[in-house]
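For reference, the structure discussed in these notes is given below.
The values are calculated or read from the model by the stated rules, or taken from the named source; none is laboratory data. None of the values given here were measured: they were computed from a predicted structure. Here the Cβ positions follow ideal geometry from the backbone for every residue, glycine too, while neighbour counts run over all protein chains shown. Surface accessibility is based on the protein's heavy atoms, side chains included, excluding ligands, DNA and RNA. Shrake-Rupley method; radii C 1.70, N 1.55, O 1.52, S 1.80 Å.
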Amino acid sequence: MTQHSLIAELLSQVWFQFSLVAVFGFLTGLEFREYILLRSKERPEVPSISLGTTRTFTFIAILGFVLYQLDPGYHLYLAGMLGLVLFFSLFYHQKLKNGQSGLLQPLISLAASHGERSEGW
């Protein structure tokens with residue numbers, strides 16, 4: 001078995017894809033957490049409203065992966081994405097009420113939910 005076919009075989013395994021999605025969601029959450037901490041130190045006068053970090057991003061990434069695996073026709077995935085969009089719309093509305101207007105967290109969270117598509121592996 002060549003190295004290329006070994007890597008292709010490993011990437012085709014669902015458990016490995018799940019692990020990659022979880023790790024990348026976790027790393028995205030860690031980086032966003034560092035961003036939030038740095039921003040709160042730079043501008044302590046501005047109260048920061050944040051919606052989770054590491055666990056939240058990992059959960060959203062895993063949710064996107066599981067919904068896609070359950071229905072590769074994108075129906076469940078799109079329903080989950082719509083639910084996230086509605087939830088983040090409420091979150092953004094609350095941020096606007098408190099004088100904040102940053103869209104970074106909802107956009108990164110939606111990108112993390114994109115997870116992976118098995119056809120692309």
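Quick notes
- Boolean, ILE60 is modelled with pLDDT of 90 or more, assigned to a helix (DSSP H, G or I) and of a type in the set (Val, Ile, Thr): yes
- Every test in (1) touching a Lys or Arg at 6+ places or on another chain (Cβ under 8 Å); (2) among the polar types (S, T, N, Q); (3) surrounded by fewer than 14 Cβ atoms within 10 Å (Cβ to Cβ) is passed by THR54 save one, and that test is (3).
- Test: residue in the range 24-40 that is among the aliphatic types (A, V, I, L, M), under 17 Å from LEU110 (Cα atoms) and open to solvent by 50 Å² or more (accessible area, probe 1.4 Å): yes
- Residue list for the range 84-110, restricted to those being open to solvent by less than 30 Å² (accessible area, probe 1.4 Å), polar (S, T, N, Q) and either in a helix (DSSP H, G or I) or closer than 19 Å to PHE26 by Cβ (or both): GLN105, SER109
- Index of the failed condition, LEU10 passing every other in (1) modelled with pLDDT of 90 or more; (2) open to solvent by 40 Å² or more (accessible area, probe 1.4 Å): (1)
- THR28 within 19 Å of LEU103 (Cβ to Cβ), in contact with a helix residue (DSSP H, G or I) (Cβ under 8 Å, 6 or more places away or on another chain), touching a residue at least 40 places away in the same chain (Cβ under 8 Å) and of a type outside the set (Gly, Ala, Ser): yes
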